[in-house]
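Reading through the structure tokens given below for one structure.
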Ligand SMILES: Cc1cc2nc3c(=O)[nH]c(=O)nc-3n(C[C@H](O)[C@H](O)[C@H](O)COP(=O)(O)OP(=O)(O)OC[C@H]3O[C@@H](n4cnc5c(N)ncnc54)[C@H](O)[C@@H]3O)c2cc1C
Ligand SMILES: Nc1ncnc2c1ncn2[C@@H]1O[C@H](COP(=O)(O)O)[C@@H](O)[C@H]1O
């Protein structure tokens, strides 16, 4: 195994996702070895060189047009073998969460998931990640010749592309339709056009205090839209049917890592904090000055959310 | 068809964490344990399929010590038919792959056609064991499902995909499905269920009985180790914006723009 770091780069709408650039730039900053990119599918990978990849390993086949565990796991394994890279890093995306544990079991490779930090410890890459819903952090050390890490989105800022170019190595993984074990037969559009919560830069969440789906839709969503934010919710709000299951933030919902998290009428139960405590800036609006959320808030307003949220929206509109 | 359910006990989600002296794990002496919340969805889904006549038996599988039996009994009281508990000194210090090795061996030995596990354990929050089990069993897998149907030897499921999209997927049994919130509403044990559970069987298996090489599990075989466990960094003290609502709101917007630079 070489000290090369292979970075799995996901694409959306023909362009690399922001998480791919975040990973590439972080991998370069580690200074632990040459950085190459892995592209699965036939996307145009030319933008990756400018973000630090010196080589792009590209695995494409008709059977990779949509995601399947079987075909993708095979693609990952083939790219690792072709590159000889000792480290594979990926964003903690739905693809990585599904395929990489299977890959790790196949290769006997150590897997460190959900890291929020990757550092270079004398040439060896060590991860650091939250456990116990963020109540503790721990270093993740991998002993095997091939190490695999996933990094949570928004763990590192994305800077301007440093420039450069990459040569493309086509990897023939021999993937056919027979490798598509579990087939995607339909895609359901998301409830809204907003960015996926786990990757969102800004989130506005509402709690039980919204009292109805109608009020959640009338207060939380418009404020989120005004901020270019994604709407989230506490479990109490989800269980009461004010918001969708996919919108729950917390230990048994989504773990989010935005730069701005606004909690409207959310008490700040430990299971809710588990999902959002790493947000860079937390704003709490709550009428109870003793609400635990204020202990975690960067800025707090003690007041009635039905008064504060519309006012905030109007103030933002004023520009 | 037999359905296997992976059932783990975890510290209750409101547990306060105390870290051990060598900073590798938490102290568990006075921790209250619960069934991992996601495993409750897994068990519920299995019980519903049995009620719908699609399964003959629901068996839970746990890697854990005797102290896990109270949670296993809870699973039996909710309606599981029997339980397998895997316990062996050789397992101490196993990583996810080590756990998956013995779980896969036990599931295979029972000949289960369908396995439900939780999306993640809420202690380590890893979400890796189910896919590892699937690979080691030679079964297919589907992660984080919130809708699941089975017809003959085929299944259809829904799961979250990237970019907030949702996917409908199909495949063939055997499959390991990891279960997410939204799949169902777990039942609680009833009094008759609790009484019935007393006579249900919890079979205890060692690594050797499962035909697993003791050298492939436990601390010695762990590829991943945790060190340096510590509390998360303190957040700097926050600021309550005082004054009437209107001035607090305009101050907030100013701070978000000029100080925090997040809008
Ligand atoms: C196993 C387990 C897993 C869990 N997982 C999660 C999870 O993933 N996510 C999650 O969120 N929770 C989770 N919970 C639930 C959690 O413990 C809390 O019950 C939940 O977060 C409370 O939601 P809430 O803050 O909306 O409601 P409450 O705790 O009822 O708080 C409502 C808040 O709104 C304030 N308020 C009321 N009216 C107004 C108003 N007009 N203006 C301003 N403020 C107002 C009140 O002062 C109060 O602070 C879990 C619990 C368990 C046991
Ligand atoms: N020790 C264990 N015993 C039984 N099932 C387990 C065990 N560890 C993990 N699992 C199963 O795997 C799921 C995901 O766990 P993890 O990969 O640890 O996050 C859990 O929800 C359980 O269903």
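The values are calculated or read from the model by the stated rules, or taken from the named source; none is laboratory data. In this text, all values refer to a predicted model and were calculated from it rather than measured experimentally. Every residue, glycine as well, gets a Cβ built from its backbone with ideal geometry; the counts of neighbours run over all protein chains shown.
Filtering the stretch B:242-258 to residues that are assigned to a helix (DSSP H, G or I) and either within 9 Å of chain A (Cβ to nearest Cβ) or in contact (Cβ under 8 Å) with a residue 60 or more places away in the chain (or both) leaves B:245, B:246, B:248, B:249, B:250, B:251, B:252, B:253, B:255, B:256.
Mind checking whether some residue in the stretch A:135-158 is over 28 Å from residue B:37 (Cβ atoms), within 16 Å of ligand 1 (Cβ to nearest atom) and more than 9 Å from chain B (Cβ to nearest Cβ)? So far as the stretch A:135-158 goes, no, none of its residues is over 28 Å from residue B:37 (Cβ atoms), within 16 Å of ligand 1 (Cβ to nearest atom) and more than 9 Å from chain B (Cβ to nearest Cβ).
For residue A:270, the stated conditions do not hold, so it cannot be described as surrounded by 21 or more Cβ atoms within 10 Å (Cβ to Cβ), within 11 Å of ligand 1 (Cβ to nearest atom) and not assigned by TED's automatic domain parsing to the domain that holds residue A:97.
Looking across the stretch B:23-33, the residues that are touching a residue at least 24 places away in the same chain (Cβ under 8 Å) and within 12 Å of chain A (Cβ to nearest Cβ) come down to B:23, B:24, B:25, B:26. With respect to being closer than 30 Å to residue B:25 by Cβ and either touching a helix residue (DSSP H, G or I) at 6+ places or on another chain (Cβ under 8 Å) or more than 16 Å from ligand 1 (Cβ to nearest atom) (or both), residue B:152 falls outside the description. The C-beta contact set for the stretch B:114-136 (first residue more than 8 Å from chain A (Cβ to nearest Cβ) and under 20 Å from residue B:13 (Cβ atoms), second residue away from ligand 1 (no atom under 16 Å from the Cβ) and part of a loop (DSSP other than H, G, I, E, B), distance under 7 angstrom, 6+ apart or interchain) comprises B:120/B:126. Scanning the stretch A:64-96 for residues that are assigned to a helix (DSSP H, G or I) and either away from chain B (no Cβ under 13 Å) or at positive phi (or both) returns A:64, A:75, A:78, A:79, A:80, A:81, A:82, A:83. For the stretch B:171-188, the set of residues classified as under 14 Å from residue B:129 (Cα atoms) and at pLDDT below 95 is empty.
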